[in-house]
Structures are given as structure tokens and as C-alpha cells.
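**Student:** Below is a structure I'd like to ask you about.
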Amino acid sequence: MRELNAVVLGAGGVGKSALTVRFIRDVFVENYDPTIEEEYHRIVELDGESYSLEILDTAGAEQFKALNESYIKCGRGFILVFSLAQEATLREVDSLRQQIYRVKGENSNVPIVVVGTKMDLPNEREVQQSTIEELSARWGLRFYETSAKRNWNVKEAFEDLVRQMRDRYPQEPSRRKKVTKNCIVM
């Protein structure tokens, strides 16, 4: 079974943990409890294959921003999260996207999915569909509008990332040691 790891990044309060927990446990976390760092694991069945997906849910709080670079160095795929109800959080995603390319290399073809959360709050929406379409085309990245509360497009966003990682990082050959029997005569 192939092992893949993903990092969830975004500003504080955008719904990174709610999105991740919805995908991992299929429940909605109603209460906001700021995350410092949580690690999750799930077996993902996709296109007839199984993948062991490790997800690192990171802090969005300003005092933990310095950790982002270490998360980026270790991550193989990224979900960049913003709130459709807070336009400023989309600027944070752009900053994170640029940081990923700085750390990984501009031409590294890093698997990235951009996720707008809180799709179920249309009256609070600040980020317009046209803005998302324009940024998606300019950045060359897939965007998903989601709702962890209603479970809208959560699975699709994570599965897209798994497909990108599968295609970007081909399966490494097995590293099993050859067992040889040595006969020693004394």
C-alpha cells in the first residue's frame, strides 16, 4: 500500500480542522478549538487502489507561522484552505502558495488543492465565484468550494490531492533486502 502525506495550511479559523475531521471521521466539529498541530491517518480507496494517507492539520494562528516552512519541507501534497466568508483569508492562501514554491522549487509540480470552506453560509460570502475562477486559471490549481458542516465536496478535494500525489510521486520500488543464506565452516 502506498503511503502519502499531506499538509493542511491556512489562516486561523477558516475551518482546516473541521474539513480534515469531516474527511477522516465523517463528523462535523461544531466548536472552534484552535489547533497547534494534529496528525490524522486514513486508508483511502481510490481508482481500485488503496493509499495510506497521513494528514497534518496545522495551526493558523500567527504565533505558529514559523512552523510552516518545516511543514512544507516535509509535505508531499498540500490543501490550502480559506474561508469563502472572509476574503482576507484568500490572500493568506496566496502567501502560502508562494512559500511552498519557494521551499519546494518553482518548477517542482507540487500537488496542491485550494479549498474554500463555509459554502453553506451564502449570506456571509465575501469571495465571489468569478474571483476563484480567475485565480484558479492564473495559478493553475484546482479549487473546491466545500462545507464541512454539510459534507459538500470534502471527499472530492482530498481525493483530487491523492490523485495528484499518486501521479507526481510514482511508486518507489520495494526496498526489501535479499535474504541470502551463508554457510560458514569453522
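Any read-out appearing in this document is the output of simple, stated calculations on the displayed coordinates, not a laboratory observation. Remember, it's a predicted structure, so these values are computed and weren't measured experimentally. Heads up, the Cβs are rebuilt from the backbone with ideal geometry, glycines too, and the neighbour counts pull from every protein chain shown.
**Student:** For the chain, what relative contact order do you get, as a whole percent, if you take Cα pairs closer than 8 Å and at least 6 residues apart?
**Tutor:** Values: 315 pairs, mean separation 43.8, N = 186.
Result for the chain is 24 percent.
**Student:** Tell me the mean residue ellipticity at 222 nm calculated for the chain from its helices only (DSSP H runs of n ≥ 4, each -39500 (n - 2.57), averaged over every residue, nearest 500).
**Tutor:** When only DSSP H runs of four or more count, the value is -10000 deg cm²/dmol.
**Student:** Under a point spin-label approximation (7 Å from Cα along Cα-to-Cβ), what is the Leu46-Ser70 distance to one decimal in nm?
**Tutor:** If labels sit at Leu46 and Ser70, their model points lie 2.7 nm apart.
**Student:** Continuing with the same structure: Relative to the present Cα-Cα distance, how much length would full extension add between Arg150 and Asn109 at 0.36 nm per residue of separation?
**Tutor:** On the way: separation 41, 0.36 × 41 = 14.76 nm, distance 3.17 nm.
Full extension from Arg150 to Asn109 adds 11.6 nm.
**Student:** Taking the Cβ of Asp57 as the centre, find all other residues whose Cβ is under 10 Å away and add up their charges (Lys, Arg: +1; Asp, Glu: -1).
**Tutor:** On the way: positive: Lys16; negative: Glu37, Glu38, Glu39.
Overall, the nearby charge balance is -2.
**Student:** Grab the chain and count how many Lys pairs have their alpha-carbon atoms under 20 Å apart, sequence gap of 8 or more, or different chains.
**Tutor:** Final tally of qualifying lysine pairs is 10.
**Student:** What length, rounded to one decimal in nm, is gained on full extension from Arg91 through to Ala137, with 0.36 nm per residue of separation minus their alpha-carbon distance? Don't skip to the end; give the middle numbers.
**Tutor:** Working: separation 46, 0.36 × 46 = 16.56 nm, distance 1.61 nm.
Full extension from Arg91 to Ala137 adds 15.0 nm.
**Student:** Using label points projected 7 Å from each Cα along Cα→Cβ, tell me how many nm separate Arg102 and Glu54, to one decimal.
**Tutor:** 2.6 nm
**Student:** Same structure, new question: Go through segment 97-148 and name the GluC sites (Glu not before Pro) that are in a DSSP coil and have 10 or fewer other Cβ atoms within 10 Å of their Cβ.
**Tutor:** In loop regions of segment 97-148 (DSSP not H, G, I, E or B), the sparsely surrounded GluC sites (Glu not before Pro) are Glu106.
**Student:** Let me check I've understood the local charge: for Lys104, count other residues with C-beta under 12 angstrom from its C-beta, Lys and Arg +1, Asp and Glu -1. What total comes out?
**Tutor:** Values: positive: Lys73, Arg76, Arg97, Arg102, Arg168; negative: Glu69, Glu106.
Neighbour charge sum, excluding Lys104 itself: +3.
**Student:** Quick one: check the C-alpha center-to-center distance for segment 1-59 versus segment 100-117, whole angstrom.
**Tutor:** Taking the Cα centre of each part, segment 1-59 and segment 100-117 sit 17 Å apart.
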